[in-house]
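What follows is one structure encoded as structure tokens, with my remarks underneath.
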Amino acid sequence: MHLADDFRDPQLAERLLTTLTRRLVPGRTYRLMEFCGGHTHALCHSGLLDRLPDAVRMIHGPGCPVCVLPIGRLQQAIDLAMEQQVILCSYGDMLRVPGRGRQSLLMARSAGADVRMVYGPADALVVARQHPQRQVVFLAVGFETTTPMTAATVAQARSEGLRNFSILCNHVLTPAALRGLLATAEEQVHVDGFVGPGHVSTIIGSDAFAPSAKQYGKPIVIAGFEPIDLLSAILHLVEQLNAGLAEVQNDFVRAVSPSGNQRAQALISQVLELRDTFEWRGLGPIPHSALRLRPEYSAFDAELRFSLSTPQIADHRACRCPEVLRGTCRPTDCTLFGTACTPASPLGSCMVSPEGACAAYFHSGRSRLQVLPNAPASPPTA
């Protein structure tokens, strides 16, 4: 028996759905946001999104690290690869995200740039060792889950005295983004409670979300990624809301502790420090929501090494990714969804990564079920 089978039990899922339905207060709507792209994918892939009672409305939040990176930060990497003759390494999803004029890192590679897909920063370090005469830059993106790997790699590069390795640091912080979203959410979209991110919480711990729950009066339930995990979290959110509670509850106890992975936290703190502010796609600038290298590791900061500035580039005027990330619209509300914008030819970042809401909807068949029949076949000129 597979370890996850107990969390995919269809009979248990049906019982949880029955219990959830019985817990609902007649006439009340429960607006819950999952703050993790992995949860969005799981909700769509498992079919749970279609099985939930009508009174439970899932709102998809900014939980995809590839999606929330603004175009200007991506364009830094594209320009660097094209103009500085560096070896630019990053995760596979990042290579397909469209930048200025829909140009991507993959397109830059087709035009002659040396762009390479890697599985993590340690692979980029191997490339740097193999090519001592070339500058190797790793485009580092992600929430707290992937940040320890970047920190460990930079520390290793420093210990080896590698002078041809650097990173473009775009690591962002989930609790700060949650606070930033809640600070403006009432003006844009009402959220009653949150399904808290599972993987992120293995690093930072469930206690990291307590200040947000207390300040804004919103319950947060940390969840795993299987159907039973998600149903349990949704049920517990409904129960908290019915009782007038706003607590952090950890339903992912098999992986998440209250204090998280303290060794990983110490490594992050050793190598990285808070930025004063950082621009998020869809959310705008959020104070203390991202990380940069500490001064003692500044030799590995590609922004400093290559004197980079961040261009201000607006999203395509027809792209609704910013609204999707804020939870103010669903992917299928966009007239380009599944027609001019598909995973094979994405117009926005939310259609690239499997954790993006648009890609999750598309791959679960929603493009065939819900796209408007009169959607245009091609996007208007930007």
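Readers should treat all values here as calculations from the given coordinates under stated rules, not as data from a laboratory. Worth saying up front: this structure is predicted, and the values here are computed from it rather than measured. Note that we place each Cβ from the backbone using ideal geometry, even for glycine, and neighbour counts take in every protein chain shown.
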Could you work out how far apart the two model spin labels at ALA344 and ARG134 are, taking each label as a point 7 Å from the Cα in the direction of the beta carbon, and quote it in nm?
-> 3.1 nm
When a/c is below 1.5 the answer is rounded, else prolate if a/b is larger than b/c, else oblate, so apply that to the range 273-339 with a ≥ b ≥ c taken from the square roots of the Cα gyration tensor eigenvalues.
-> prolate
Taking all pairs of different Cα atoms in the range 206-258, averaging 1/r and flipping that mean, what Kirkwood radius in angstroms comes out?
-> 11.1 Å
Obtain the nm distance between the two label points defined at ARG31 and MET117 by a simple spin-label model: each point lies 7 Å from its Cα along the Cα-to-C-beta direction.
-> 3.8 nm
Does anyone have the angle between helix 71-83 and the longest principal axis of the chain? Alpha-carbon axes, 0 to 90°, nearest 10?
-> 30 degrees
At q = 0.24 1/Å the base-10 log of I(q)/I(0) from the Debye formula over the alpha-carbon atoms of the range 169-267 is -1.31
Given 0.36 nm per residue, what is the gain on full extension from GLU83 to SER110 after removing their alpha carbon distance, in nm?
-> 8.3 nm
Evaluate the distance, in nm, between pseudo-label points positioned 7 Å from the Cα of ALA266 and of LEU304 along their respective Cα→Cβ axes.
-> 2.5 nm
Mind pulling the angle between the C-alpha long axis of helix 227-243 and the longest principal axis of the chain? Nearest 10 degrees, somewhere in 0 to 90.
-> 60 degrees
All Cα pairs of the chain, percent lying beyond 27 Å | 49 percent
For the range 77-231, what is one quarter of the convex hull surface built on the Cα atoms, given in nm²?
-> 11.9 nm²
Span from the the range 6-46 Cα centroid across to the the range 71-127 one, whole angstrom | 38 Å
For the chain, find the longest principal axis of its Cα atoms and tell me its angle to the long axis of helix 10-23, 0 to 90°, nearest 10.
-> 70 degrees
From zero up to wherever the largest Cα-Cα distance of the range 91-153 sits, split into 10 Å bins and tell me the percent of pairs in each.
-> 20, 48, 29, 3
Please give the FRET efficiency for ARG23 paired with SER257, using the beta carbon to beta carbon distance and R0 = 30 Å, rounded to the nearest 0.05.
-> 0.60
Relative contact order (%) - criterion: Cα under 8 Å, at least six apart; region: the range 235-289 = 18 percent
Sites matching trypsin sites (Lys or Arg not before Pro) across the range 140-201 that sit in DSSP coil, with at most 16 neighbouring C-beta atoms within 10 Å | ARG163
Convex hull volume per residue in cubic angstrom - Cα atoms of the range 1-86 = 136 Å³
